[in-house]
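The values are calculated or read from the model by the stated rules, or taken from the named source; none is laboratory data. Because the structure is predicted, anything quoted here is derived from the model rather than measured. Heads up, the Cβs are rebuilt from the backbone with ideal geometry, glycines too, and the neighbour counts pull from every protein chain shown. All accessible areas refer to the heavy atoms of the entire protein, side chains included, with ligands and DNA or RNA removed. Shrake-Rupley method; radii C 1.70, N 1.55, O 1.52, S 1.80 Å.
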Amino acid sequence: MNTFFEKNWFKLALGVILIAMIASFAYKLWANSNEADPRLTAMKQAPSFQLQDLDGKSVASQDTDGKVRLVYFFYSFCPDVCLPTTFLLTQVQEELKKKGLFGTKAEILSITVDPNRDTPEVLKEFRTKFESKPDPSGWMFLRGEEAKIHKLAEDYGIMVIKEKDGNFSHSNAILLVDPKGKIRNYYDASRPELDADHIVKDVVTLSKGK
């Protein structure tokens, strides 16, 4: 027995080491596959709000909990970025519909920073400018008092400055909020490489509870 053990201990030890290495490698693959995308790490709790939809109904931030939300501060009289960014969101809407998430597990919230000019009638007309019209079943246009909305935008990390001509300079960003109300990402909507697929992929990830 001693002679057998002496001759084979090295093979036995090597086998144990190889098994341990394979197990360790398999665990690393499993861990990496389940690791959250670092871009989607929770940043902070999204600010709460109490606004009105285009029918004058009150909408509170907690009313949208349980869904992934894309929040965009805009105004319909915007001379440059708001129209193409809203068009991008219509593309996101259509992709989310294909995946069965729109309105059920994901919503879009467009909040006007110019509520004095952006009346419900004006915003309803604004929605008709797009081939894929914003669908109320999963896309709300929200209004409120101008000062409160500007403070809300600031709390979200969005800069809003009222110009002398009545227009607004503002950060052109789409915010990604998870079902628990945590901000997970800021998309710079002015970047030409940002597309609907990129945003939809993140929405799908968060809709799975990651």
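Quick rundown of the values:
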item: Positions within the stretch 181-210 being at pLDDT 95 or above, surrounded by fewer than 18 Cβ atoms within 10 Å (Cβ to Cβ) and among the basic types (Lys, Arg), in sequence order; result: Lys182, Lys201
item: Condition met for Leu109 (under 17 Å from Leu142 (Cα atoms) and under 22 Å from the mean Cα position of the chain (by Cα)); result: yes
item: Residues that are outside any loop (DSSP other than H, G, I, E, B) and open to solvent by 40 Å² or more (accessible area, probe 1.4 Å), drawn from the stretch 158-180; result: Ile161, Lys162, Ser169
item: Per-region count, the stretch 49-61, residues open to solvent by 20 Å² or more (accessible area, probe 1.4 Å), without any contact (Cβ under 8 Å) to a residue 40 or more places away in the chain and among the small types (Gly, Ala, Ser); result: 1
item: The stretch 107-145, residues that are in contact with a Pro (Cβ under 8 Å, 6 or more places away or on another chain) and buried (at least 16 other Cβ atoms within 10 Å of the Cβ); result: Ile108, Ser110, Arg127, Phe141, Arg143, Gly144
item: Total residues in the stretch 181-210, condition in a helix (DSSP H, G or I) and touching a Leu at 6+ places or on another chain (Cβ under 8 Å); result: 9
item: Selection within the stretch 62-73 - surrounded by 23 or more Cβ atoms within 10 Å (Cβ to Cβ) and either without any contact (Cβ under 8 Å) to a residue 60 or more places away in the chain or part of a helix (DSSP H, G or I) (or both); result: none
item: Residue within the stretch 89-107 that is at positive phi and at pLDDT 95 or above present; result: yes
item: Pairs, first β-branched (Val, Ile, Thr) in the stretch 84-97, second crowded, with 20+ Cβ neighbours inside 10 Å and part of a helix (DSSP H, G or I), C-beta under 9 Å, six or more apart; result: Thr86/Phe126; Val92/Ile199; Val92/Val200; Val92/Val203
item: Count of residues meeting criterion [in contact (Cβ under 8 Å) with a residue 60 or more places away in the chain and among the charged types (D, E, K, R)] in the stretch 104-142; result: 2
